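No value in this document is a laboratory result; all are computed from the given coordinates. Keep in mind it's a predicted model, so treat the numbers as computed, not measured. Cβ placement follows ideal geometry from the backbone for every residue including glycine, while neighbour counts extend to all protein chains displayed.
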């Protein structure tokens with residue numbers, strides 16, 4: 001029970017990696033707030049988590065959140081503070097993905113990816129960090145980056161750039177907040193088998209003239225571990241970075257990718 005009596009907020013927490021982390025946090029004793037833009041997915045996730053908690057619904061909360069809207073972020077913090085008394089852990093997991101050749105990237109795609117993955121992440125972090133400072137109990141913030149932030153990719157230029165920004169912001173924000181007892185770190189997943197990969201695979205099929213499913217198969221085979229990641233593979237790292245086990249870990253982005261990237 002490494003997170004007993006801690007309250008965690010997980011953005012984009014209704015599915016995929018976010019939901020897997022929520023399940024693990026619940027098992028470690030934390031209160032869990034699923035913050036997501038999709039109300040139907042929130043309800044479904046809350047139902048799953050409540051069942052996992054043995055019907056103890058008091059430890060699970062769902063909040064609709066649009067990280068690109070500061071008013072929505074502030075409303076989420078107020079709701080969680082009223083319900084649980086404050087936020088101890090933030091997992092900045094909400095993100096969007098798009099891809100196109102460099103000469104075909106649109107302003108709309110650029111604005112959406114940077115609006116959610118960078119602006120939304122930073123101002124959610126800022127607002128939650130301020131609430132942690134006001135509360136005076138410190139906290140832990142975990143930013144979900146990506147192996148895409150460690151390198152460029154010709155078809156994924158904007159997404160790579162947003163995740164490189166997440167890694168950089170993790171470092172800068174950690175240095176700016178550690179004096180308040182707030183530890184900021186990140187996790188960089190590799191290729192992860194989530195429902196979103198059906199969309200990613202379809203885009204690769206379009207731009208690389210491949211049959212559907214081939215790109216997913218190839219990237220999975222290329223992972224040294226021997227397979228793509230699964231959402232459950234990220235719970236352990238997320239617990240570690242949120243718990244006292246990582247008390248002296250600051251400004252780091254941990255690669256959890258089956259050996260895909262070494263740094």
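Name the single residue that is nearest to the chain's Cα centre (by Cα) among those in the range 122-148 being within 18 Å of residue 67 (Cβ to Cβ) and in contact (Cβ under 8 Å) with a residue 60 or more places away in the chain.
The residue in question is 144.
Among the numbered criteria (1) crowded, with 23+ Cβ neighbours inside 10 Å; (2) within 26 Å of residue 159 (Cβ to Cβ); (3) touching a helix residue (DSSP H, G or I) at 6+ places or on another chain (Cβ under 8 Å), which one does residue 20 miss?
Every condition holds for residue 20 apart from (1).
Test each condition in (1) under 30 Å from residue 247 (Cβ atoms); (2) surrounded by fewer than 19 Cβ atoms within 10 Å (Cβ to Cβ) for residue 195 and report the one that comes out false.
The failed condition is (1).
Can you name the number of the only condition in (1) touching a helix residue (DSSP H, G or I) at 6+ places or on another chain (Cβ under 8 Å); (2) on the phi < 0 side of the Ramachandran plot; (3) surrounded by fewer than 16 Cβ atoms within 10 Å (Cβ to Cβ) that residue 138 fails?
All conditions are met except number (2).
Each row is one residue, and each column tells you yes or no for (1) free of Cβ contacts under 8 Å to residues at least 60 places away in the same chain; (2) out of contact with any strand residue (DSSP E or B) (no Cβ under 8 Å at 6 or more places or on another chain); (3) surrounded by fewer than 21 Cβ atoms within 10 Å (Cβ to Cβ).
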| position | (1), (2), (3) |
| --- | --- |
| 4 | yes, yes, yes |
| 35 | yes, no, no |
| 42 | yes, no, no |
| 52 | yes, yes, yes |
| 79 | yes, no, yes |
| 82 | yes, yes, yes |
| 98 | no, yes, yes |
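One line per residue, one yes/no per condition, for (1) closer than 20 Å to residue 121 by Cα; (2) in a helix (DSSP H, G or I):
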| residue | (1), (2) |
| --- | --- |
| 166 | yes, yes |
| 175 | yes, yes |
| 179 | no, yes |
| 183 | yes, no |
| 203 | no, yes |
| 207 | no, yes |
| 216 | no, yes |
| 224 | no, no |
| 232 | no, yes |
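I need the full set of residues from the range 1-26 which are farther than 15 Å from residue 234 by Cβ and within 12 Å of the chain's Cα centre (by Cα), in order please.
Residues satisfying the conditions are 9, 14.
Given the structure, is residue 190 touching a residue at least 24 places away in the same chain (Cβ under 8 Å), farther than 23 Å from residue 94 by Cβ, crowded, with 19+ Cβ neighbours inside 10 Å and under 21 Å from the mean Cα position of the chain (by Cα)? Break it down into steps so the answer makes sense when it comes.
Numbers: touching a residue at least 24 places away in the same chain (Cβ under 8 Å): yes; farther than 23 Å from residue 94 by Cβ: no; crowded, with 19+ Cβ neighbours inside 10 Å: yes; under 21 Å from the mean Cα position of the chain (by Cα): yes.
So residue 190 does not fit the description; no.
Of the conditions (1) within 28 Å of residue 137 (Cβ to Cβ); (2) assigned to a helix (DSSP H, G or I); (3) in contact with a helix residue (DSSP H, G or I) (Cβ under 7 Å, 6 or more places away or on another chain), residue 62 fails just one. Which one is it?
(2)
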